[in-house]
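The block underneath contains the structure these notes are about, expressed in structure tokens.
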Amino acid sequence: MKLNLKDYANKDIIKFLREYGSMTQKDLAHHLKKSTRTVQRYEAGEIGIDLETIRSICQLYDLNLIIESKQKKD
């Protein structure tokens, strides 16, 4: 599966991956060592998600995380 993250809000990606993996918010929270409320807040867009948590989610779902830098326009 290939997702271009710039086309989606983080909250949508987190929810999509969680549901794709047939997990509840509680299940994902357990794997991330976060509270269920934190996962709820990620999905609601109330709080941002840090890079380390994104990496953990990618590992959980056996996904590659590719970070591309923006090219400066001269």
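A short reminder: the numbers here are calculations on the coordinates, not readings from a lab. Model, not experiment: these values are computed from the prediction. Note that each Cβ is placed from the backbone with ideal geometry, even for glycine, and that neighbours are counted across all protein chains shown.
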Calculated [θ] (222 nm, deg cm²/dmol) that DSSP helices of n ≥ 4 give over the chain, each run adding -39,500 (n - 2.57): -15000 deg cm²/dmol
Relative contact order of the chain, pairs being alpha-carbon contacts under 8 Å that are 6 or more residues apart, as %: 26
More than 16 angstrom apart: percent of Cα pairs within the chain: 48
Spacing of the two label points (7 Å from each Cα toward its C-beta) at residue 12 and residue 55, in nm: 2.7
